[in-house]
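What follows is one structure encoded as structure tokens, with my remarks underneath.
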Number of protein chains: 2
Amino acid sequence: MYRTHTCGELTLAHVGQQVTLCGWVQRNRLLGGMTFIDLRDRYGITQLVFDMERNATLCAEANRLGREYVIQASGVVKERINKNPNLPTGDIEIFVDELTILNASEVPPFLIENETDGNEELRLRYRYLDIRRPKLRDALITRAKICRAVREYLDDKNFVEIETPNLIKSTPEGARDFLVPSRLVKGSFYALPQSPQILKQLLMVAGMDRYYQIVKCYRDEDFRGDRQPEFTQVDCEMSFVHQEDIFETFGGLIRYVFKKVLQYELPELPKLKYDEALRLYGTDKPDLRFDCRIVELNELLPASDFAVFNNTLNSGGLIAGINATGCASYSRKQLDELTEFVKAPHRGLGGLIHIRFTEDGSVKSSIDKFFTEEQLRQIGAAFQAQKGDLLLIAADKHTKVRKSLGDLRLELAKRHGWMDEKKWSVLWVVDFPLFEQDEETGQITFAHHPFCSPHPDDLPYFDKEPLRVRAQTYDMVINGNEILSGSIRIHDPAIQEKVFQKLGLSKEEQEKKFGFLLNAFKYGAPPHGGCAFGLDRIVMLMTGGETIRDVIAFPKTSGGRDLMMDAPTPVEKKQLDELGITLKQ
Amino acid sequence: MYRTHTCGELTLAHVGQQVTLCGWVQRNRLLGGMTFIDLRDRYGITQLVFDMERNATLCAEANRLGREYVIQASGVVKERINKNPNLPTGDIEIFVDELTILNASEVPPFLIENETDGNEELRLRYRYLDIRRPKLRDALITRAKICRAVREYLDDKNFVEIETPNLIKSTPEGARDFLVPSRLVKGSFYALPQSPQILKQLLMVAGMDRYYQIVKCYRDEDFRGDRQPEFTQVDCEMSFVHQEDIFETFGGLIRYVFKKVLQYELPELPKLKYDEALRLYGTDKPDLRFDCRIVELNELLPASDFAVFNNTLNSGGLIAGINATGCASYSRKQLDELTEFVKAPHRGLGGLIHIRFTEDGSVKSSIDKFFTEEQLRQIGAAFQAQKGDLLLIAADKHTKVRKSLGDLRLELAKRHGWMDEKKWSVLWVVDFPLFEQDEETGQITFAHHPFCSPHPDDLPYFDKEPLRVRAQTYDMVINGNEILSGSIRIHDPAIQEKVFQKLGLSKEEQEKKFGFLLNAFKYGAPPHGGCAFGLDRIVMLMTGGETIRDVIAFPKTSGGRDLMMDAPTPVEKKQLDELGITLKQ
């Protein structure tokens, strides 16, 4: 061993001991004939001291050490006079009597500190230096801790970790596959798995009873938002279970992980119905760290001449609003900003109606012309509006109103710090619809995937009112982020057939797309269900990262590039020849 | 929950309890008005009893259940009259009063038992049924246990599990890469990693200190022997370590795994030098479950007129043999078989010389014409030959003689059961050469990879006698199988430069092949080293499998095909168009 201790472990208990440390030079200060070096490794920082009077040569050597030099230093642990309470090792320092330079370093291209001067592109290019920053280093360590806690919990519950293959069959389903040309079977391709969905269901058919895997998945998508072409799932499946068993098992898992990693006691996860989530929060992934619910007004509004409301009601639209508590004093400019916010193309509202309940007790609104103060106060009552509150109301199609008000409540919460940052909102969203209707073609399609089991109570609606059929599908939502999705799967061939019929899938298409799964189901498939957690996102949330790139050791850019390795790259013609492919000119 | 218990847990302690079990019908017997069903799940088998007299309808229903039907059965636990001591649940049976068929099954295409009538191709096609066989099921469960033990040990030693990317840069180095066409950067390709070698070294530069990962690796090779295009490594790296630290850490790991999974106490792993392994056992991965060493005779042989020996000595070859203890009574036919064995093309000997020390005390040999009995007895003494022993001697080039005798000792051990099947031979092979010489071109090439550190004592030989330079490279060998390989890496740029020069790599080639690693090394690389375990092979050895396919849930054939999913396959033209590639006509 090059060292007796790490840079994170020495305390007053070690005073007087001769120790050897290794690490990187974080800082180097010359102060009144003494040289002080902050020596850094993964475990912490320890102060080294070189004394000009005791050993001038050694001190001179220490003065020449640049930032990020790798050194080995031996000496005696002494109590510090000026203790540093912010450092676990801040009570001691090492009086060095032996110094070895293990490796030199060029001046790094950015500061190796949490507050760095390097932009993200530069840091991605030198990711091995970026990881030296405590923030990123600690995020990776926490990621490993989270995985460990996940495994502890699942192992303890008799789940078996099973690896599924990464070179699988391409199915023209879901997102776009990454393809891998086969050299031995020319003209044929493997696909990288978008998820082990079918394979884990086969493991249930195989009788493995409880399966999990922390596994890379691949989607060749255009990288909208915070996505990576390869990402990691905690993938799980269980046999002989109902939905309630899933809620208990995986609700328990997330509570265990929070307890173990953050020492945070989550309560039992509440369940919110999909319909209700949309109605109250405008989204199927609501952030419940603050209240602020959407109030629907269609039934409550007094009759008026206000055309916007009347047209909305006549065309079957929705009039609804939220209470921006304490925002009655918003300026014209602030209100305009919110109006622009809901008019953004992906929200698409025409505008916002507002009603102010001012501190002085008056009511002012943008619809004063159409409603009496009494009527406005009645509307206010539906929102429990108090003096100082501002109501923001929208009228349009259901989807637009809900989406806009849902986004608006988040935006207001952010602006006004309504969210208790120490609090966690973790819940189940349940009772998703089984089918969706394509807005353009009107065609019925599956909302999740075609193996999701319908709710047994809803089978009677299957033929006449398919959109009314609930699926046994569920999401877990943390602070407004969907971090788990799953379902009870269909194990009954008759019900599977009914679903395929509804989706308009012919026997041939069924066979082509899902042949080997349907074939397996002929040999005794148990009732089963499961879910997949998005690991990167969970780690990001739990470590306070801003993007999932903050919790992945070597991530890709939004263009799918690895800037450090410089990938992807052109390859040699010989390699393509061996695979029997050519580049299209 | 569909069940109160699994099929593996009920004992006499449960007698009288009302229970509900779920599982697959393993067997169905009608016996004197009673129907007995063996119900199987992942955890075991429990006997269900249906009584014609108590409930004729239920009994008739039970009689109709076919093999592999999935059922749910409720009833009372009773003590069995005819106990089955081979079954953990053999003391009890369930008198069923409620039966639900959860799913039917077609007749499976082969017997779902350890001794099955299905050939491997058929079983690979129906892998989800094959996994129901206890042998395969238990191998997968043991695999998970091994991974768990590995993680426990490494987590406890402060290793951090870090995921490295699977879409990386293709480098024309080592084996052939699997390529993945990039859609966003047309004409460019990612490669699937052959191993995370460079990435884990970068994690050491990044200061992560101790890394591990249980990770899929990919090699597009022609599938000689027992290989898979995707396989799993336990990949590890540590900073600030010498070879001895590696031996202690990873020797400790394998001992922990054996203890935890097999309850087997391995001793401290012995170390065998590469040279010595070749000299004594003819291979760098010797199986030491039995002794039988190769004895070299060049210095010991008396002068004779035997041309084969004299020519071998004159041409710098090797004369050596092994003692086939107790085989003096081998027939002509048996000796011929052994001669054919060593004459096989990949061994390439011309023949075998034998000396029998018969039970009656006489000595007979194929070289009686050239040596006196006294001389033969002297040769025998070098082998400690006793009455009843047979010496087998070869004379040829060193490599051929060693390879042949090494194989021969294994063959004899197999034929005569010399290996104690309950014993494990686990050892380090150390002091591998740094360079190899290409037999045809005479060019110097690296034996392992170009980042292996030379042995510090051997630097003086670098220029004049490079083949004499030992590397800080090591293998771990279990029962004659290499299951780990690793090295201390070069962290000193000057030594790296020396190695590249010796390999004849120009600056341009260095930059092209290893540019981003060499660049990283400029910013303070710590001394580091590591290793990778072949997980599939370890699991195979520890579960007594015959091929690694026996311990992989969904393996591929030797032709790289997945017979269950039918992969690889042709893909749609649209998919290729999107990637900007075409098939070569």
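Quick notes on this one:
- Which numbered condition A:Cys147 fails, given (1) surrounded by 19 or more Cβ atoms within 10 Å (Cβ to Cβ); (2) part of a helix (DSSP H, G or I); (3) facing another protein chain (nearest Cβ under 9 Å); (4) free of Cβ contacts under 8 Å to residues at least 24 places away in the same chain: (4)
- When A:Leu300, A:Leu318, A:Leu313 are checked against the criterion of being over 23 Å from the mean Cα position of the chain (by Cα) and buried (at least 20 other Cβ atoms within 10 Å of the Cβ), A:Leu318 stands alone in meeting it.
- The stretch B:428-445: number of residues that are surrounded by 19 or more Cβ atoms within 10 Å (Cβ to Cβ) and part of a loop (DSSP other than H, G, I, E, B): 3
- Exactly one residue out of B:Asp275, B:Asp305, B:Asp291 is touching a Phe, Trp or Tyr at 6+ places or on another chain (Cβ under 7 Å) and surrounded by fewer than 21 Cβ atoms within 10 Å (Cβ to Cβ): that is B:Asp305.
- Hits in the stretch B:331-348 (condition: modelled with pLDDT of 95 or more and in contact with a Lys or Arg (Cβ under 8 Å, 6 or more places away or on another chain)): B:Phe341, B:Arg347
- Only one of B:Lys169, B:Lys145 that is basic (Lys, Arg) and modelled with pLDDT under 95: B:Lys169
- B:Asp51 being surrounded by fewer than 20 Cβ atoms within 10 Å (Cβ to Cβ), without any contact (Cβ under 8 Å) to a residue 60 or more places away in the chain and more than 17 Å from A:Phe521 (Cα to Cα): yes
- Of the candidates B:Gln201, B:Gln233, the single residue that is not in a helix (DSSP H, G or I) and not acidic (Asp, Glu) is B:Gln233.
- The residues of the stretch B:119-135 that are within 13 Å of chain A (Cβ to nearest Cβ), assigned to a loop (DSSP other than H, G, I, E, B) and free of Cβ contacts under 8 Å to residues at least 24 places away in the same chain amount to a single one, B:Arg133.
- Positions within the stretch A:508-532 being within 11 Å of chain B (Cβ to nearest Cβ), among the small types (Gly, Ala, Ser) and either in contact with a Gly (Cβ under 6 Å, 6 or more places away or on another chain) or without any contact (Cβ under 8 Å) to a residue 40 or more places away in the chain (or both), in sequence order: A:Gly515
- In summary, strands (runs of 3 or more DSSP E) completely within the stretch A:446-537 and bearing 2 or more residues that are at pLDDT 95 or above and under 27 Å from B:Arg127 (Cβ atoms) occur at A:481-488, A:528-534.
Residue-wise test of (1) surrounded by fewer than 18 Cβ atoms within 10 Å (Cβ to Cβ); (2) closer than 27 Å to B:Gly515 by Cα; (3) within 28 Å of the chain's Cα centre (by Cα).
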| residue | (1), (2), (3) |
| --- | --- |
| A:Gly66 | yes, yes, no |
| A:Thr89 | no, no, no |
| A:Thr100 | yes, no, no |
| A:Ile112 | no, yes, yes |
| A:Glu163 | no, no, yes |
| A:Ile168 | no, no, yes |
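- Flag if B:Ile393 is under 34 Å from the mean Cα position of the chain (by Cα) and not in a loop (DSSP other than H, G, I, E, B): yes
- Flag for A:Met34 being of a type in the set (A, V, I, L, M), away from every other protein chain (no Cβ under 14 Å) and in contact with a helix residue (DSSP H, G or I) (Cβ under 6 Å, 6 or more places away or on another chain): no
- Residue match in the stretch A:516-531 (condition: over 14 Å from A:Gln201 (Cβ atoms) and in contact with a helix residue (DSSP H, G or I) (Cβ under 9 Å, 6 or more places away or on another chain)): no
- Listing of helices (runs of 4 or more DSSP H) fully contained in the stretch A:273-374 that carry 1 or more residues being more than 30 Å from A:Asn481 (Cα to Cα) and either of a type in the set (D, E, K, R) or not assigned by TED's automatic domain parsing to the domain that holds A:Leu410 (or both): A:332-343
- The set of residues in the stretch B:91-117 being farther than 16 Å from B:Tyr69 by Cβ and either touching a residue at least 24 places away in the same chain (Cβ under 8 Å) or in the same structural domain as B:Leu39 (by TED's automatic domain parsing) (or both) consists of B:Asp91, B:Ile92, B:Glu93, B:Ile94, B:Phe95, B:Asp97.
- Flag for A:Glu248 being closer than 26 Å to A:Thr543 by Cα, out of contact with any helix residue (DSSP H, G or I) (no Cβ under 6 Å at 6 or more places or on another chain), of a type in the set (Asp, Glu) and away from chain B (no Cβ under 14 Å): no
- Restricting attention to the stretch B:155-198, the residues that are more than 7 Å from chain A (Cβ to nearest Cβ), touching a residue at least 12 places away in the same chain (Cβ under 8 Å) and not in a loop (DSSP other than H, G, I, E, B) add up to 3.
- Unmet criterion (only one of (1) touching a residue at least 24 places away in the same chain (Cβ under 8 Å); (2) in the same structural domain as A:Ile141 (by TED's automatic domain parsing); (3) of a type outside the set (S, T, N, Q)) for A:Gly559: (2)
- Within the stretch B:563-573, considering residues that are in contact with a Lys or Arg (Cβ under 7 Å, 6 or more places away or on another chain) and not in a strand (DSSP E or B), the one surrounded by the fewest Cβ atoms within 10 Å (Cβ to Cβ): B:Asp566
- Condition met for A:Glu296 (at pLDDT 95 or above, of a type in the set (D, E, K, R) and farther than 16 Å from A:Arg402 by Cα): no
- Qualifying residue in the stretch A:539-562 (condition: surrounded by 22 or more Cβ atoms within 10 Å (Cβ to Cβ), at the interface with another protein chain (Cβ under 10 Å from one of its Cβ atoms), in a loop (DSSP other than H, G, I, E, B) and at pLDDT below 95): yes
The values are calculated or read from the model by the stated rules, or taken from the named source; none is laboratory data. Just so it is clear, the structure is predicted and the values come from calculations on it, not from any experiment. We place every Cβ from the backbone using ideal geometry, glycine too, and count neighbours over all the protein chains shown.
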